[in-house]
Amino acid sequence: MEKTWRWFGKKDKITLPMLRQIGVEGIVTALHDIPNGEVWPLEAIIELRDYIKDAGLRWSVVESLPVSEAIKYGGRDADHLIANYIESLANLGEAGITTVCYNFMPVIDWIRTDLEYPLPDGTSSLYFDKIRFAYFDCFILKREGAEQDYTEEELAKVYALDKTITEAEKDQLIDTIIVKTQGFVNGNIHEGDKNPVSIFKNLLALYKDVNKDALRANMKYFLSQLMPVCEEYNINMCVHPDDPPYQMLGLPRIVTGMEDIEWILKAVDNPYNGLTFCAGSLSSGGRNDVPLLARKFASRTRFVHLRSTRILSNGDFIEAPHLEGRGHLIELVRIFERENPSLPMRVDHGRLMLDDGDKGYNPGYSFYGRMYALAQIDGVMATVKSEII
Ligand code: DNO
């Protein structure tokens, strides 16, 4: 597979020459300054593509070209936003960038409750604490009917937490769930927004009448509109699985595992309608057998995220070291190397380690942590390739 790296543009503290030194071949990035829903101009795409090329690398994958909320909930301006999306794809195609990762998660892109969960060896990791999340849902958002989503035992823990949680902890939970994890990937909320909870509640309200079937219908419509431009420019659309892959906050989620992925690939049965195989997201769903999914969907996979998680007995999950946990990355490398040795792959997330801690990296996107994981995966790839030959 092609070794790629998610880079957040010229403002990223991790520079392209640094990435060259550690064996990265391709860059995964986006025009992060363009607001969601606006067309990506051809000149801006070419400028960034050439900047990357001048550093001896290539712009391999767009992650993400964000899908505006109105497309997902089927708002009045959905058609206009889809037309803009198509124009951006045509511009990317003109510039020769033909792998596009996106997600179809309503409102919230990915969810963690703790961004620096300390591990015994002195590193830290991302963490999802089910009870703290339920607390956010029931006591901070005060979402109507939220209690129905949790068991009595869980609710008892949530009420107990309410007795001890401090105001600072509550603020941190809000900042983590709504602002820090979302700010850099999702145009809905920005660092510095006043009252993120009320912005968030307004976003949730947009989906009041959108159930799973309606969301699926909107996704099918969106993808069918895109296929002609994808065919013209050979653009692979690759949907990213929901993270974590189950229903949350009363929102429908439709990219959670076997049945959902089968549905999507059949609903628009076109090779350009493909998958981002994110082992991390899929592995955090207890029902998912990750190598089984990889075998089943390898032929429609256009981009791979290598990351792993461990689900704990209380329903929490933690990001596992890349060679451990439910992701079974060694087996995935075998599957994908056989399927297509030029598939772009990036290691996803990394621990905070060494002097990563004070650099202000986006959550999950440390330098040393990801470099360490990339080196591990590089070794696995070399081993697997020698097995294949
Ligand atoms: C988080 C990422 C997601 C992913 C998007 C793709 O680290 O896995 O933000 O990039 O969902 O659209």
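Could you give the distance between the Cα centres of segment 309-365 and segment 152-176, to the whole Å?
Rounded to whole Å, the Cα centres lie 28 Å apart.
Name the residues of segment 36-62 whose amide N is less than 12 Å from a point 7 angstrom out from the Cα of residue 190 along the C-beta direction?
Hits in segment 36-62 for residue 190 at 12 Å: 36.
Mind listing P(r) for segment 236-317? All alpha-carbon pairs, 5 Å bins, whole percents.
Bin by bin from 0 Å, the calculated values are 3, 16, 27, 25, 17, 8, 3, 1, 0.
Need one number: convex hull volume per residue for segment 40-148, Cα atoms only, in Å³.
For segment 40-148, the hull spanned by Cα atoms encloses 161 Å³ per residue.
May I ask you to work out the translational diffusion coefficient for segment 233-389 at 25 °C, viscosity 0.890 mPa s, via Stokes-Einstein with Rh from the Kirkwood sum over Cα pairs, reported in whole µm²/s?
151 µm²/s
Using each residue's phi in segment 9-18, evaluate 6.51 cos²θ - 1.76 cosθ + 1.60 at θ = phi - 60° and report the 3J(HN,Hα) Karplus result to the nearest Hz, with x for Gly and Pro.
Per residue, the Karplus-derived 3J(HN,Hα) values read x, 4, 7, 4, 5, 8, 8, 4, x, 4 Hz.
Going by amide H atoms built from the backbone, whose H comes under 5 Å of the H on residue 99, apart from near neighbours?
62, 236
How many nm separate the modelled label positions at residue 156 and residue 143, each set 7 Å beyond the Cα in the direction of the Cβ?
In this crude label model, residue 156 to residue 143 measures out at 2.4 nm.
Over the Cα atoms of segment 1-77, what radius of gyration and what Dmax do you get, in Å?
Cα only, segment 1-77: 14.4, 48 Å (Rg, Dmax).
Taking +1 at the Cβ of each Lys and Arg and -1 at the Cβ of each Asp and Glu, which of 128, 205, 173 sits farthest along the dipole of segment 114-205 towards its positive end, judged by Cα position relative to the Cα centre?
205
May I ask for the net charge around residue 384, where only other residues with Cβ less than 13 Å from the Cβ of residue 384 are counted and Lys, Arg are +1 while Asp, Glu are -1?
After counting each charged neighbour, the total is -2.
Of the chain, which part is the longest with no GluC sites (Glu not before Pro) in a loop (DSSP not H, G, I, E, B) and with at most 11 other C-beta atoms within 10 angstrom?
Free of exposed loop sites, the longest segment is 192-389.
In debye to the nearest 20, how big a dipole does segment 257-324 give about its Cα centre with +1 on each Lys and Arg Cβ and -1 on each Asp and Glu Cβ?
With only Lys, Arg, Asp and Glu charged at Cβ, the dipole is about 220 debye.
Dipole magnitude of the chain about its Cα centre, charges +1 at Lys/Arg Cβ and -1 at Asp/Glu Cβ only, in debye to the nearest 20?
Dipole magnitude for the chain comes out near 520 debye.
For segment 250-288 and segment 24-66, what is the separation of their Cα centres, given in Å?
Here the two parts' Cα centres lie 25 Å apart.
Quick check on segment 114-205: what are the equivalent-ellipsoid semi-axes from the Cα gyration tensor, as sqrt(5λ), descending, whole Å?
Computed over segment 114-205, the values are 21, 20, 11 Å.
Mind grabbing the base-10 log of I(q)/I(0) for segment 338-389 at q = 0.24, 0.32 Å⁻¹? Debye formula, identical points on the C-alpha positions, no solvent, two decimal places.
-0.87, -1.20
Just for the chain, what percent of DSSP beta bridges are antiparallel, to the closest 5?
Of the beta bridges lying entirely in the chain, close to 30 percent run antiparallel.
What full-extension length gain, to one decimal in nm, is calculated for residue 87 and residue 55 as 0.36 nm per residue of separation minus the Cα-Cα distance?
Result: 8.8 nm gained on full extension.
Quick one: what are the phi-derived ³J(HN,Hα) couplings along segment 280-296, Karplus 6.51/-1.76/1.60 with θ = phi - 60°, whole Hz, x for glycine and proline?
Result, ordered by residue: x, 4, 5, 6, 7, x, x, 7, 7, 9, 5, x, 4, 5, 4, 4, 5 Hz.
If you put +1 on each Lys and Arg Cβ and -1 on each Asp and Glu Cβ, how big is the dipole of segment 114-205 around its Cα centre, in Debye rounded to 20?
260 debye
So what is the relative contact order of the chain, in percent, for Cα pairs below 8 Å that sit 6 or more residues apart?
Numbers: 686 pairs, mean separation 66.5, N = 389.
Relative contact order of the chain: 17 percent.
Which ³J(HN,Hα) values in Hz, rounded to whole numbers, follow from the phi angles of segment 29-45 under the Karplus curve 6.51 cos²θ - 1.76 cosθ + 1.60, where θ = phi - 60° and Gly and Pro get x?
7, 8, 7, 5, 7, 8, x, 3, x, 8, 6, 7, x, 4, 4, 5, 5
Determine the sum of side-chain charges near residue 100: Lys and Arg each +1, Asp and Glu each -1, restricted to other residues whose C-beta is under 12 angstrom from that of residue 100. Please list the in-between numbers first.
On the way: positive: 302; negative: 63.
Residues close to residue 100 contribute a combined charge of 0.
How large is log10 I(q)/I(0) at q = 0.09, 0.11 Å⁻¹ when the Debye formula is applied to the Cα atoms of the chain, each weighted equally and without solvent?
At q = 0.09, 0.11 Å⁻¹ the computed log10 ratios are -0.50, -0.78.
Between beta-carbons, use under 12 Å as the cut-off and find the net charge around residue 119, counting Lys and Arg +1, Asp and Glu -1. Let's see the in-between values first.
Details: positive: 310, 351; negative: 114, 116, 121, 319.
Combined, the nearby Lys, Arg, Asp and Glu give -2.
Expressed in nm², what is the orientationally averaged projection area of the convex hull enclosing the Cα positions of segment 125-284?
Here the figure is 11.2 nm², rounded to one decimal.
Can you list residues whose amide H is under 5 Å from residue 114's amide H, if they're 5+ apart or on another chain and H is modeled 1.01 Å from N?
Under 5 Å from the amide H of residue 114: 127, 129.
Residues with amide H under 5 Å of residue 309's amide H, sequence separation 5 or more or different chain, H placed in the peptide plane at 1.01 Å from N; which?
320, 326, 327
For the chain, what is the mean residue ellipticity at 222 nm derived from helices alone (per DSSP H run of n ≥ 4: -39500 (n - 2.57); sum divided by total residues; nearest 500 deg cm²/dmol)?
-12000 deg cm²/dmol
Any read-out appearing in this document is the output of simple, stated calculations on the displayed coordinates, not a laboratory observation. All values reported here derive from a predicted model rather than from experimental measurement. Note: ideal-geometry Cβ built from the backbone for every residue, glycine included; neighbour counts use all protein chains shown.
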